[in-house]
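Take a look at the structure set out below.
The values are calculated or read from the model by the stated rules, or taken from the named source; none is laboratory data. Nothing here was measured: the structure is a model prediction, and the numbers come from that model. As a convention, Cβ positions derive from the backbone with ideal geometry for all residues, glycine included, and neighbour counts pool all protein chains shown.
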Amino acid sequence: MDALILGSSTGGLSLFISGRSRWRSKDLKAVHFPNSSIRVQVPTYKSYNLIGNFYTKRIQHRARGILETSTVFQKSNTKFLVNATSGHPLESEPKAYPNTPWNSAKNALDAFYRFSRPHTVIGTALSIISVSLLAVEKLSDISPLFFIGVLEAVVAALFMNIYIVGLNQLSDVEIDKVNKPYLPLASGEYSTLTGIMIVTSFSIMSFWLGWVVGSWPLFWALFVSFVLGTAYSINLPLLRWKRFALVAAMCILAVRAVIVQLAFYLHIQTHVFSRPAVISKPLIFATAFMSFFSVVIALFKDIPDIEGDKIFGIKSYTVRLGQEKVFWTCISLLEMAYGVSILVGATSPYAWSKVITVLGHSVLASILWIRAKSIDLKSKAAITSCYMLIWKLFYAEYFLIPLIR
């Protein structure tokens, strides 16, 4: 690495090295710098003693600076990588590609990928597909009409999801420079204007699609998500509800646990299948279980962000109560939810549903408990990794929910 930096440095050092081929090999001697891999050839014969001494001293001076800079870079890069462990390991890697159209396109896609917060995108898509399957009563319901209805709901919701997470980043640029420096706005890859254009465009496209589809449950789901997502993040009087721990948790619970379950179920049930609205047992279970999960996500997401939240006055439960207490509260809530899920699955009249749901929830509960017992609460990287595990458990639950009968 030192040699690479040295080869790319500018000024007299690079000029000297680039012109070393003009010296005779017998007139050169190797200069080695301790604690580094740098070796440089300098002239030794009499007529160039003055030049040799000058460049030897200059190279030594530059090498010391390079080594110090390299040490600082390695320390800061280690910290940066820890901050970037949010389930997207490539986000923190510096882009050193040649400036070609293809690489520019790859960099643009990578930045948008991070801006969209992919773990929330996956969660939104899976939740809508899973809840839509709850409205399926017979095999003939799985038809092109059903798939079109699901696709309309997923695309419109993902557009709104990008608006919400993008607005949150626009409102939290300074906080994210501490907590999530790999995000495009915090890292400077996106300007504020670019961020505003993206969130505005996606909110308009979301409402346009909801209006064109003509489904009132879908439109109201988008509208309520828009209102709560805006109130949660935007820094205006009486808003920016994320500053208040209870209100912030209620916003996430309302969207993830209530609106997603009820509104998108009704979209398929009433708009696609043209059936009367019926609140079924699986729908009640999904809403109740995801209420627990949404509270856990709302609490847990602040655990790795405690440093930035303290600096900028965000009074989260983690700031008030401490990381350890909030961590074990989250684990306890999820384990309770899994326990109830096992009981609900055991009461199913269908043997296949009973076996799959009881076994599935038992496995997920065990995975969570084993991981929680081994977590190092002093390590931000470990806590962030555990947070991403909770999102994976969130995804897994949406594979089990349609099997609750």
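For residue 352, indicate whether it is among the hydrophobic types (A, V, I, L, M, F, W, C) and more than 27 Å from residue 128 (Cβ to Cβ). No: the conditions fail for residue 352. If only residues of the range 116-155 that are surrounded by 15 or more Cβ atoms within 10 Å (Cβ to Cβ) and charged (D, E, K, R) are counted, the one that is nearest to residue 209 (Cα to Cα) is 152. Scan the range 342-379 residue by residue and report those that are part of a helix (DSSP H, G or I) and basic (Lys, Arg). Within the range 342-379, 354, 371, 373 qualify.
For the condition within 21 Å of the chain's Cα centre (by Cα), on the phi < 0 side of the Ramachandran plot and in a helix (DSSP H, G or I), residue 247 does not qualify.
Table: residues versus (1) assigned to a helix (DSSP H, G or I); (2) at pLDDT 95 or above; (3) in the same structural domain as residue 258 (by TED's automatic domain parsing); (4) within 23 Å of residue 314 (Cβ to Cβ).
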{"position": "124", "(1), (2), (3), (4)": "yes, no, yes, no"}
{"position": "140", "(1), (2), (3), (4)": "yes, no, yes, no"}
{"position": "153", "(1), (2), (3), (4)": "yes, yes, yes, no"}
{"position": "160", "(1), (2), (3), (4)": "yes, yes, yes, no"}
{"position": "176", "(1), (2), (3), (4)": "yes, no, yes, yes"}
{"position": "181", "(1), (2), (3), (4)": "no, no, yes, yes"}
{"position": "186", "(1), (2), (3), (4)": "yes, no, yes, yes"}
{"position": "193", "(1), (2), (3), (4)": "yes, yes, yes, no"}
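Cβ-Cβ distances below 8 Å connect the following pairs, each with a first residue in the range 276-296 that is assigned by TED's automatic domain parsing to the domain that holds residue 339, a second residue that is of a type in the set (Phe, Trp, Tyr), and a separation of six or more residues or different chains: 283/265; 293/394.
Please find, among 374, 366, 353, the residue that is more than 17 Å from residue 297 (Cα to Cα) and in contact with a Lys or Arg (Cβ under 7 Å, 6 or more places away or on another chain). If you could, list the steps in order and put the result at the bottom.
Working: 374 fails: in contact with a Lys or Arg (Cβ under 7 Å, 6 or more places away or on another chain); 366 fails: in contact with a Lys or Arg (Cβ under 7 Å, 6 or more places away or on another chain).
Exactly one residue qualifies, and that residue is 353.
Screening the range 211-231 for residues that are within 26 Å of the chain's Cα centre (by Cα), small (Gly, Ala, Ser) and farther than 13 Å from residue 266 by Cβ and picking the one that is surrounded by the fewest Cβ atoms within 10 Å (Cβ to Cβ) gives 231.
Looking only at helices (runs of 4 or more DSSP H) that lie completely in the range 254-341, which have at least 3 residues being among the aromatic types (Phe, Trp, Tyr)?
On the way: elements: 260-266, 281-300, 306-311, 317-321.
Of the helices (runs of 4 or more DSSP H) lying wholly inside the range 254-341, those with at least 3 residues that are among the aromatic types (Phe, Trp, Tyr) span 281-300.
Can we say residue 343 is without any contact (Cβ under 8 Å) to a residue 40 or more places away in the chain and on the phi < 0 side of the Ramachandran plot? Yes: the conditions hold for residue 343.
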